[in-house]
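Enquirer: Could you have a look at this structure, given as structure tokens, before my questions?
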Amino acid sequence: MILNRSSFWRRLALTAAAAFFVASRLSAQDTSELLNRVKAMEDRIRVLEAEVQALKAQREATVPVRQPSAPAQEVTPPAPAKTSGQAPGESPKFGGAGEAAAKVFNPDISVVGDFLAAAGNGANRSSPAFEMHESEVGFRAVVDPYARADFFLSFGSEGVELEEGYVTFTSLPGALQLRAGKMRAAFGQVNTMHNHVLSWTDRPLVTQNLVAGEEGISDAGLSLSRILPAPKNIFLEGTAQVFRGDVSGLFHAARRSDVSAVGHLRAYRDISESTNLDLGLSYARGHSPDAVGANQIYGLDATLRWKPLRRSIYRSFLARGEFVWARTLGAPGAGSDVMTQPPGKPFGYYISGDYQLARRWYIGGRFDRSDRFTNAQRKDTGGSLILTFRPSEFSLVRGQLRRTHYGENLTANELLFQLQFAIGTHGAHIF
């Protein structure tokens, strides 16, 4: 036993001596490298510990503290209505979706009210002192990934009518867009606008005399449009439309083949970061209601917009004008007492401007002059001053001082008042 112990201590001493000898042989460079590695590992461990502590603190802050409360009484929800083919206890399915997705079947709905009041001398053409000029109800929804639908119902003093109702196919080949239904024709600018989008309480004389009045060229038909390639950053769009051919006072389809056609070419370009120019050429042709032949109208429209980026909610300016030429081909029809002289070449136009004074105040003016479609010898001339207050994007209050000299040598001086309001989801208008 003693020999074993002495042998053990001898071997231990030899091992320690060998280790000391080897350690003494290590260079100073190896020792310093080893110490650096150990120090780096210690620093990394401290960083990891700090990150773990931060995660623990964040988790404790997000977990709410549960307060003791009285046990809640169990309430049994009412069983949903069972649909056809639905198993007991199974939630109803809407096109493969659950209950939360049922609202996708509801279209966007909006209602726009247009209240008018008038005072002064109307030269036997005056409107009522007060009237709910129009109440427009709109329905808009996406039909499927390939089409969307838009419907606008107009409620007026004469009843309810479909102002527009069409489906638009947006995924056709060749970058084409097809629209089918009842719609306003793409003739000029004002004809495409609903009443609540206008900058005035009324429509210009040229629209009333040459472009089918307040309703404008609006009919059932097809519309095909496409964005065309153009140089120098010009947006160019071409539209071709064919309609049934019935427009009050302008076109009449006595036969199925008496369709009407409308074409429009629009060019848009940014002049600067605050200013842009919009130009358009229009053409419409249809069977004449008062003559054996066809009626044709040509249009030129221009819109200049100025809206500085840094002051866009306080300052802006919009200038707009349209020029319309009408032509009647053929001779007066039998029994027609409207055209008692050779067909004329009526012409009309309007020029308007609107300047934004402040965030909610606008001032504008408009000058009108137009021949009559059925009697180009009589000219109507008018001028208006407009003041508009917009409390928000959903309402406006407008006053218009209008003076009109009619071809019968009658002069009207009127003060018009307008109140508009909108509720619901209202989509963006064409820029």
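Enquirer: Please give the peptides 264-272, 186-194, 314-322, 204-212 ranked by average Cβ packing (other Cβ atoms within 10 Å per residue), highest first, as a rough proxy for protection.
Expert: Most protected by this proxy first, the peptides run 204-212, 186-194, 314-322, 264-272.
Enquirer: Which whole-Hz couplings ³J(HN,Hα) result when phi for each residue of segment 150-166 is put into the Karplus expression 6.51 cos²θ - 1.76 cosθ + 1.60, θ = phi - 60°, listed in order with x for Gly and Pro?
Expert: Result, rounded to whole Hz: 9, 10, 9, 9, 10, 9, x, 5, 9, x, 10, 9, 7, 6, 8, x, 8.
Enquirer: Let me check I've understood the local charge: for His405, count other residues with C-beta under 13 angstrom from its C-beta, Lys and Arg +1, Asp and Glu -1. What total comes out?
Expert: Net charge around His405: +2.
Enquirer: Show me 399-411, 273-285 ranked by packing, highest mean number of other Cβ atoms within 10 Å first.
Expert: The peptides rank, most packed first, as 273-285, 399-411.
Enquirer: Bin all alpha-carbon pair distances of segment 160-421 at 5 Å intervals from 0 and give each bin's fraction as a whole percent.
Expert: 1, 6, 11, 15, 16, 16, 15, 11, 6, 3, 1, 0, 0
Enquirer: Also: May I ask you to list the aspartates and glutamates whose Cα is less than 20 Å away from that of Lys345, ignoring any residue fewer than eight positions away on the same chain?
Expert: Straight-line reach from Lys345, under 20 Å: Asp290, Asp301, Glu322, Asp337, Asp368, Asp371, Asp380, Glu408.
Enquirer: Still on this structure, please answer the following. Hey, rough spin-label estimate for Glu51 and Val292, points 7 angstrom out along Cα→Cβ, what's it come to in nanometres?
Expert: 9.4 nm
Laboratory data are not the source of any read-out in this text; all were calculated from the coordinates shown. Just so you know, these numbers come straight off a predicted model, no measurement behind them. Don't worry about glycine lacking a Cβ; one is built from the backbone with ideal geometry, like all the others, and counts go over all protein chains shown.
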